[in-house]
1. Output yes when any residue across segment 163-184 is hydrophobic (A, V, I, L, M, F, W, C), within 30 Å of residue 25 (Cβ to Cβ) and out of contact with any Pro (no Cβ under 6 Å at 6 or more places or on another chain), and no when none is.
2. Taking residue 142, is it exposed (fewer than 15 other Cβ atoms within 10 Å of the Cβ), touching a Leu at 6+ places or on another chain (Cβ under 9 Å), over 24 Å from residue 221 (Cβ atoms) and in the same structural domain as residue 212 (by TED's automatic domain parsing)?
3. Could you tell me which residue of segment 43-72 is farthest from residue 111 (Cα to Cα), considering only residues that are in contact (Cβ under 8 Å) with a residue 12 or more places away in the chain and small (Gly, Ala, Ser)?
4. Looking at 192, 172, which is the one that is surrounded by fewer than 12 Cβ atoms within 10 Å (Cβ to Cβ), in a loop (DSSP other than H, G, I, E, B) and modelled with pLDDT of 75 or more?
5. What do you reckon, is residue 148 exposed (fewer than 15 other Cβ atoms within 10 Å of the Cβ), charged (D, E, K, R) and in a helix (DSSP H, G or I)?
6. Just name the residue that is modelled with the lowest pLDDT out of those in segment 75-104 that are outside any helix (DSSP H, G or I) and not hydrophobic (A, V, I, L, M, F, W, C).
7. Considering every residue within segment 64-74, establish whether at least one is among the hydrophobic types (A, V, I, L, M, F, W, C), modelled with pLDDT of 95 or more, crowded, with 19+ Cβ neighbours inside 10 Å and under 27 Å from residue 211 (Cα atoms).
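The values are calculated or read from the model by the stated rules, or taken from the named source; none is laboratory data. Just so you know, these numbers come straight off a predicted model, no measurement behind them. We place every Cβ from the backbone using ideal geometry, glycine too, and count neighbours over all the protein chains shown.
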Amino acid sequence: MADDTTVVWERPERGARGPAPERSRAQITAIAVELADADGLAALSIRAVAKRLETGPASLYRYVAGRDDLLDLMADAVAGELDLGVPLSTDPVEDMVALAVQVKALHLRHPWLNDLPPEPLRLGPNGLAYLDRALQVLAPAPLADRAKLEAIATLNAMAALFARTQAQAGRTPTGRQAAQAAYLAKAAAEGTHRWLTAAIGHDGSDDPFDDPDALFARIARQVLTGWLRGEQTV
């Protein structure tokens, strides 16, 4: 069985004992991502991956120590889909927003990312490359190094939240959700809550939530711009 006292990327591809390798971590990870994309993390297990590979679960423990290793490998594999080679402009805010938009799109393609058990350091080679690129993007910004890391973490969290909300909005609303939307619209139309009516309108003609991608980019831009201004005034 693989050692679980070191991160998976610092261990050999497979244990030294046993028959000649028939699989690879990349192959195992790709199957795991396919399963999670199709049915969510609840459907993911070493046994399920082994079944897809037409082998026994025990054989996979030569490559991974357990499900946590598998989750680490999956998260890092999909992080490799981010395009980190886009030429930078002279505006770190716009460049960072563009990177955050990519992160949101990644979460939309792989909704199970939002269901990963939260760990502050779930980083592999691709995750480290992303973090380094994000810090490069923010290098011209007048922020302390710690503030840059906090800004990146905040935008990543926003991207994940917006992706989850967007995915849910794309589904056919349940009766309860439709009733909630009607209740909100009625409250705005009645004008009893004047600040709410003024903010969202009462006739639905100017819905600020029509374009989720533009909404996310706009808010991310505002958050990062405000962060920069706040740091400059400290």
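1. Yes; the residues of segment 163-184 include at least one that is hydrophobic (A, V, I, L, M, F, W, C), within 30 Å of residue 25 (Cβ to Cβ) and out of contact with any Pro (no Cβ under 6 Å at 6 or more places or on another chain).
2. No; evaluated as a whole, the condition is false for this residue.
3. 59
4. 192
5. The answer is no for residue 148.
6. 90
7. no
Table: residues versus (1) at pLDDT below 90; (2) among the hydrophobic types (A, V, I, L, M, F, W, C).
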| residue | (1), (2) |
| --- | --- |
| 124 | no, no |
| 136 | no, no |
| 152 | no, yes |
| 162 | no, yes |
| 176 | yes, no |
| 179 | yes, yes |
| 182 | yes, yes |
| 188 | yes, yes |
| 199 | yes, yes |
